[in-house]
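Before any comments, here is the structure.
Only the coordinates and a few stated rules stand behind these numbers; no lab work does. Here the structure is a predicted model, which is why all the values come from computation and not from measurement. Note that we place each Cβ from the backbone using ideal geometry, even for glycine, and neighbour counts take in every protein chain shown.
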Amino acid sequence: MPRGTASMRREKSIFNALLTHFLMGVALGLSMVLLLGLIDAFHVRDLVAKSDAPVQTTVMLVTTYGLMFGIGAALTGLVLTLEEEN
């Protein structure tokens, strides 16, 4: 590349990259909860249906999986982004 020409690729800030990875992880976690609810092999539907507060149990399950996958994806994205910069 000749000196003085601008790069066509705009650099993403680290915050935008981590936010992207976090949101992808949350989407993956929510799809995992959906699959756990639809597949009867793990009896998640029975656990939620027979609990004292099924709505709170569902909210707890969805937020736990969403945050767990989201934080894991964000940390993985942080490592990959820092390795890419070096």
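Summary table below
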{"read-out": "Charge dipole (segment 34-85, unit charges on Cβ, about Cα centre) - positive-most of L47, M68, L82", "value": "L47"}
{"read-out": "Label-point separation in nm, S31 to L61, each point 7 Å along Cα→Cβ", "value": "1.9"}
{"read-out": "Per-q log10 I(q)/I(0), the chain, q = 0.15, 0.26 Å⁻¹ (Debye; single scatterer per alpha-carbon; no solvent)", "value": "-0.67, -1.16"}
{"read-out": "Full-extension gain in nm, A41 to E85, via 0.36 nm per residue minus C-alpha separation", "value": "11.5 nm"}
{"read-out": "Estimated [θ] at 222 nm from DSSP helical runs (n ≥ 4, -39500 (n - 2.57)) normalised by residues in the chain, nearest 500", "value": "-25500 deg cm²/dmol"}
